[in-house]
Amino acid sequence: MNYYLTHITYPILFVAVFARQLSLPVPALLFLLTGGALAGSGKLSFVGILLVAVLGCVLADLLWYEAGRLRGKRVLRLLCALTRDPSFCMRRGKEIFAKKGLRLLLIAKFVPGLDGICPPLAGMLGASRPAFLVYDAGGASFWAAAYIGCGFLFARQLDHVAQRISAVATVVVLVFGVPLLIMFVLKLTQLVMMIRLLRPLQIDPGMLKSRLDLGEKVGVLDLLRFEEDPEGVGVIPGAVRLDPLEIRRKKRIVIPSDVNLVLYCRSRNSFVSARVALAMRKHGIQNIYVLKGGLEAWKGLGFPLTEQFADMEAEIARLGIEVTPPWNHIPLRT
């Protein structure tokens, strides 16, 4: 029997599925398919493979559930941070989970994007642990059985496949493994770039407050709508709420050289702010800074907050910024 097949064991299957559910780039589906084929040839037990796969899923998902229960939106921001539109990722997950509840766990593993955020969402939204475990185990069973079953159906061709498995394995690695590795490296590179960008662009809350008190030309941009649900959260006086997607729709944005823009989000690591700052710099906006420590740092120093945003059009006029086409009106908070 070929090396690749004979060395698939229950512990290896467990580790592969567990790692996959922790969002690590491990091709667990290939392991399950291979395990199903081995079950069809009598080398492994179908039930045994199913049990270890479900156990790996549930244990990893339980960790995410507890993380969501303890850390809430921070965990969700972490999982959505590297998606193309973090706010859409978070909003979509919340909306779907609100409609379907824990029943969503029964199909979440078949839907890209939902699988990763459903367990922490369940914890964040207060779902009971026993109910979570029941539904998650059910969804894990459907998911694992589907792929194990596919492998099982092809068990009769196992001997024929085994003769060519080395070539097939190489192709599988090239087709699936290499793109996964490239994607992982790109995401990691993006993260490193954002961290490097953030260092020289930070401004201390005290410095920002001093400049605002002196009436300098500083525009403060609030990203909480982009980052998460901002209801009930105060804002820095004079701030306007920015939808970063609006920037992409503009054909022309001219900011005077004596005007500085400061972005802030809620998180202390300012990851969201750094991401938006990078996008704005690519759009040609250079005088842009990130509030060090975010809104939490501002609040921690006891600086004032308000429930009212500044008017976007008035701020654009005050700072002498030219925008084409005109900025969409953003309603003020009531």
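The values are calculated or read from the model by the stated rules, or taken from the named source; none is laboratory data. Note that this is a predicted model, so its numbers are computed, not measured. Methodologically, a virtual Cβ is constructed for each residue, glycine included, from the backbone with ideal geometry; neighbour enumeration extends over all protein chains shown. Note: areas computed on protein heavy atoms with side chains; ligands, DNA, RNA excluded. Shrake-Rupley method; radii C 1.70, N 1.55, O 1.52, S 1.80 Å.
Across segment 6-44, the number of residues qualifying as within 23 Å of the chain's Cα centre (by Cα) and over 25 Å from Pro119 (Cα atoms) comes to 0.
If you go through segment 288-310 and keep only what is closer than 20 Å to Pro200 by Cβ and either in a helix (DSSP H, G or I) or open to solvent by 50 Å² or more (accessible area, probe 1.4 Å) (or both), you end up with Tyr289, Lys292, Gly294, Ala297.
Can you tell me which residue is modelled with the lowest pLDDT among those in segment 100-109 that are farther than 11 Å from Ala140 by Cβ, part of a helix (DSSP H, G or I) and not basic (Lys, Arg)? Walk me through it before giving the result.
First pass over segment 100-109, keeping only residues farther than 11 Å from Ala140 by Cβ: 100-104, 107.
Okay, now just the ones that are also part of a helix (DSSP H, G or I), so 100-104.
Next cut, not basic (Lys, Arg) only: 101-102, 104.
Details: Gly101: 87, Leu102: 91, Leu104: 91.
Among them, the one singled out is Gly101.
Residue pairs whose Cβ atoms lie under 6 Å apart, separated by 6 or more positions or on different chains, with the first residue in segment 198-218 and more than 16 Å from Gly302 (Cβ to Cβ) and without any contact (Cβ under 8 Å) to a residue 60 or more places away in the chain and the second part of a helix (DSSP H, G or I) and open to solvent by 60 Å² or more (accessible area, probe 1.4 Å), are Val218/Arg211. State which residue pairs qualify: first residue more than 17 Å from Asn287 (Cα to Cα) and in a strand (DSSP E or B) and inside segment 311-323, second residue open to solvent by 80 Å² or more (accessible area, probe 1.4 Å) and among the acidic types (Asp, Glu) in any location, beta carbons under 7 Å apart, and separation of 6 or more residues or different chains. Partner pairs satisfying both residue conditions: none exist.
Just the residues that are open to solvent by 10 Å² or more (accessible area, probe 1.4 Å) and either in a helix (DSSP H, G or I) or modelled with pLDDT under 85 (or both), please, taken from segment 206-227. Talk me through it step by step, then tell me what you get.
Filtering segment 206-227 down to residues open to solvent by 10 Å² or more (accessible area, probe 1.4 Å) leaves 206-207, 209-217, 221, 225-226.
Gly206, Met207, Lys209, Ser210, Arg211, Leu212, Asp213, Arg225, Phe226 - these are the residues of segment 206-227 that are open to solvent by 10 Å² or more (accessible area, probe 1.4 Å) and either in a helix (DSSP H, G or I) or modelled with pLDDT under 85 (or both).
Evaluate segment 124-143: report whether one residue or more is open to solvent by less than 60 Å² (accessible area, probe 1.4 Å), under 16 Å from the mean Cα position of the chain (by Cα) and at pLDDT 75 or above. Looking through segment 124-143, at least one residue is open to solvent by less than 60 Å² (accessible area, probe 1.4 Å), under 16 Å from the mean Cα position of the chain (by Cα) and at pLDDT 75 or above.
Set side by side, the residues Val276, Val323, Val233, Val272 differ, and just one is open to solvent by less than 40 Å² (accessible area, probe 1.4 Å), modelled with pLDDT under 80 and more than 30 Å from the chain's Cα centre (by Cα), which is Val323.
Restricting to segment 260-287, name every residue that is assigned to a loop (DSSP other than H, G, I, E, B) and either basic (Lys, Arg) or closer than 18 Å to Lys209 by Cβ (or both). Working first, answer last.
Within segment 260-287, the subset assigned to a loop (DSSP other than H, G, I, E, B) is 265-270, 283-287.
Within segment 260-287, Cys265, Arg266, Arg268, Ser270 meet the criteria.
Could you check segment 1-83 for helices (runs of 4 or more DSSP H) lying wholly inside it with 1 or more residues that are modelled with pLDDT of 90 or more and surrounded by fewer than 22 Cβ atoms within 10 Å (Cβ to Cβ)? Show your work before the answer.
Numbers: elements: 3-6, 10-21, 28-40, 46-71, 73-80.
Per the criteria, 10-21, 46-71.
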